[in-house]
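What follows is a single structure, written as structure tokens, with notes after it.
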Amino acid sequence: MKFVDEAVIDVHAGKGGDGCLSFRREKYIEYGGPDGGDGGAGGNVWIEADSNLNTLVDYRYERLFRAKNGAQGQGRQCTGKSADDIVLKVPVGTTVVDTAIDAVLADLTHDGERILVARGGRGGLGNTHFKSSTNRAPRRTIPGSEGESRQLRLELKVLADVGLLGLPNAGKSTLIRAVSAAKPKVADYPFTTLVPNLGVVKADRYRSFVMADIPGLIEGAAEGAGLGIRFLKHLARTRLLLHVLDVAPPDGADPVLHAQAIAEELDKFSPALAAQERWLVLNKVDLVPADMQDEYCNDLVSRLGWEGEVHRISAATGEGTEALVFALMNAIEERRLREQEDPDYAEQQQALREQLEEEARERVQLLKAQARLARLAAGDDSDDDDDDDDHDVEIIYSP
């Protein structure tokens with residue numbers, strides 16, 4: 001699942017220093033001639049990729065970056081000091097876009113890769129440059145030129161490690177609120193979540209992963225019903241899926257039927273995606289009497305025929321969430337380590353994710369085409385472009 005961590009900043013390179021108007025004045029030298037030095041160059045603005053960073057959050061609160069101006073030239077043909085460059089560090093994978101022309105300046109894909117985004121002004125010329133046989137005392141100088149200014153949009157594609165899926169009101173948003181700093185809207189009506197929510201889950205110092213909350217699926221989602229179809233394709237990019245199941249639905253329905261409905265929609269949409277590893281998270285266990293929890297939960301798992309990992313939690317009270325976070329962290333780190341040590345495995349996983357995403361995208365496009373044909377058949381020639389297929393979701397940071 002790719003999200004856009006985005007920030008818009010203004011950068012201003014420094015102005016070049018002005019050239020100096022000066023004449024040599026020393027004892028016993030009455031007419032020393034011009035000796036004004038040149039101005040120093042203004043500072044440049046660079047953007048550099050840094051593998052130690054993973055968000056653009058710093059550029060949310062500081063948006064203006066200005067390099068210093070070059071120093072003015074001095075007498076005795078002394079050139080003014082050039083200003084230092086400023087280097088803005090961004091995460092690897094950041095795209096730099098010039099908003100004025102809506103053009104991509106660079107994709108910084110390697111640690112240490114940098115781009116000059118605003119060039120400092122050139123230093124002006126002192127009057128010593130304009131002396132000649134006919135003009136022995138020139139009073140002409142050239143001021144320093146202005147530095148470049150740009151408004152830039154920084155975009156970082158973030159891959160979610162864990163994706164949550166389940167019916168509306170299964171507790172996905174409550175779970176992501178409980179384990180991260182993300183604050184999605186939570187309420188007791190369907191489709192509270194209208195767009196995916198992204199949260200960084202910190203398991204321990206220097207140990208964290210990204211979790212994404214997907215709008216709830218309903219029966220018929222694979223045929224385009226509800227909001228879930230708009231985001232199903234993004235699930236192909238996650239490393240691990242969590243199937244969040246409400247063990248005590250307010251309508252008294254059988255949770256097993258709910259779980260089976262989600263599995264069927266996933267299989268209809270993409271059999272390959274349905275075959276991906278999923279963990280079952282039994283949520284709201286606090287609503288089941290303590291003396292019946294083991295028997296009740298074991299019965300659910302048995303009737304589902306679930307063979308994967310199972311966790312019991314209460315996202316509302318926090319029960320079991322810490323154990324779930326550490327289990328997820330360990331599993332993700334194992335996958336990351338294997339991808340680092342085994343290039344073939346890493347390439348295979350990347351190819352699989354891209355294949356799944358393409359398969360899901362084709363499914364979405366097919367459904368859109370079918371819907372358009374249905375509208376045309378009904379005499380409605382309006383075009384519905386309201387989908388997120390080519391748009392990412394912006395990460396919003398709260399102070």
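No lab work stands behind these numbers, since they all come straight from the coordinates. Owing to the predicted nature of the structure, the values given are computational and were not obtained by experimental measurement. All Cβ positions, even for glycine, are placed from backbone atoms using ideal geometry, and neighbour counts span all protein chains on display.
Here the simple spin-label model places points 7 Å from the Cα toward Cβ, and for L64 and E113 these points are separated by 3.2 nm. Summing Cβ point charges (Lys, Arg +1; Asp, Glu -1) relative to the Cα centre of region 1-129 gives a dipole of roughly 640 debye. Here S314, S133, S173, S208 are placed in order of increasing Cβ neighbour count within 10 Å, fewest first, which gives S133, S208, S314, S173. Annotation: amide H-H contacts under 5 Å for G36 (H modelled 1.01 Å from N, sequence separation of 5 or more, or interchain): S22, Q77, N127, T128.
Fewest neighbouring Cβ atoms within 10 Å first, the residues E6, E319, E307 line up as E307, E319, E6. Under the simplified labelling scheme, the K27-E333 pair shows an inter-label distance of 7.6 nm, with each label point 7 Å from Cα along Cα→Cβ.
Sorting C20, C78 on the 10 Å Cβ count, fewest up front, what's the list?
Ascending Cβ contact count within 10 Å gives the list C78, C20.
Modelled spin-label separation between A378 and Q260, with each label point placed 7 Å from Cα along the Cα-to-Cβ direction: 3.1 nm.
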